[in-house]
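The structure appears right after this line, and notes come after that.
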Amino acid sequence: DIETEKLYGRSKAAGAERAIAIAANLRVPIAHLRLFNVYGPGEAEHRLLPTLVSHLLDKRRVPLSPGLQLRDFVFVGDAVDALKVAARHLQANRQSAPAIWNICSGRGTRVRDIAEMAAHALVANPELLGFGDVAMRPGEVPILIGSPERFYAATGWRCRFDLESGIARTVDALAARHKRL
């Protein structure tokens, strides 16, 4: 529900503020990394891509929202690389001011497009994608896209995986996991 989502966001912000305050008190460098929509092999079964893969491989309809929300997707390999880059940057620069960086691509993609890419990668019938079968969640944010520019300016980091290759790798790994179950 809306209040739970607001509480979730507030708790993340409060955690970051607390960590920054502790780091300042201890005089240690800190970076708060805001990871946007990380996806990839190993995702929990209830998430979008694993749900798509399991339903489509079983030739079952996937109940979906209309899928018009724009999100900034980051492949897990890029997210891990960003964490390493941030750690090396902090170690090398020992900055005193906290760094707050977005780990994102800076590009918005409709959730609908992700579902269609997954179906294409699986060579599945796109009619199994039940767009509109599920209502949008109350309070759903229609657009959530970050800017990676501050992180890029500080470290030179950019996403290496384009969305299509990241989705293909993820779908392949999830399909292999599904077949083993």
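The values are calculated or read from the model by the stated rules, or taken from the named source; none is laboratory data. Because the structure is predicted, anything quoted here is derived from the model rather than measured. Neighbour counts are summed over all protein chains in view; Cβ atoms, including those assigned to glycine, are modelled from backbone coordinates with ideal geometry. Note: accessible area is taken over every heavy atom of the protein model, side chains too, but ligands, DNA and RNA are not part of it. Shrake-Rupley method; radii C 1.70, N 1.55, O 1.52, S 1.80 Å.
Observations
Yes/no matrix, rows are residues, columns are (1) outside any helix (DSSP H, G or I); (2) out of contact with any strand residue (DSSP E or B) (no Cβ under 9 Å at 6 or more places or on another chain); (3) closer than 21 Å to Glu140 by Cα; (4) basic (Lys, Arg):
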site: Tyr8; (1), (2), (3), (4): no, yes, yes, no
site: Ala16; (1), (2), (3), (4): no, no, no, no
site: Pro41; (1), (2), (3), (4): yes, yes, no, no
site: Arg60; (1), (2), (3), (4): yes, yes, no, yes
site: Gly67; (1), (2), (3), (4): yes, no, yes, no
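- Residue list for the range 134-161, filter: closer than 16 Å to Lys84 by Cα and of a type in the set (D, E, K, R): Arg158, Arg160
- For the range 129-146, residues that are open to solvent by 60 Å² or more (accessible area, probe 1.4 Å) and farther than 19 Å from Ala115 by Cα total 1.
- Restricting the range 106-121 to residues that are over 17 Å from Arg47 (Cα atoms) and of a type outside the set (Gly, Ala, Ser), the residue that is most open to solvent (accessible area, probe 1.4 Å): His120
- Residue within the range 129-146 that is in a helix (DSSP H, G or I) and not acidic (Asp, Glu) present: no
- None of Val28, Val76 is β-branched (Val, Ile, Thr) and closer than 17 Å to Phe161 by Cα except Val76.
- Unmet criterion (only one of (1) more than 27 Å from Gly139 (Cβ to Cβ); (2) open to solvent by less than 60 Å² (accessible area, probe 1.4 Å); (3) among the hydrophobic types (A, V, I, L, M, F, W, C)) for Val80: (2)
- Sub-9 Å Cβ pairs linking a first residue in the range 63-78 that is closer than 17 Å to Arg47 by Cβ to a second residue that is charged (D, E, K, R) and part of a strand (DSSP E or B), at least 6 apart or interchain, are Gly67/Arg110; Gln69/Arg110; Arg71/Arg110, ordered by first then second residue.
- For the range 122-181, the set of residues classified as at pLDDT below 95 and among the β-branched types (Val, Ile, Thr) consists of Val141 only.
- Of the listed requirements (1) open to solvent by less than 40 Å² (accessible area, probe 1.4 Å); (2) part of a strand (DSSP E or B), Leu90 misses just one: (2).
- Search result, residues across the range 94-105 that are open to solvent by 40 Å² or more (accessible area, probe 1.4 Å) and either under 21 Å from Arg71 (Cα atoms) or touching a Pro at 6+ places or on another chain (Cβ under 7 Å) (or both): Arg94, Gln95, Ile100
- Taking the range 153-181 as the range and being touching an Asp or Glu at 6+ places or on another chain (Cβ under 9 Å) and either loosely packed, with under 11 Cβ neighbours inside 10 Å or of a type in the set (Phe, Trp, Tyr) (or both) as the test, the residues that pass are Trp157, Phe161.
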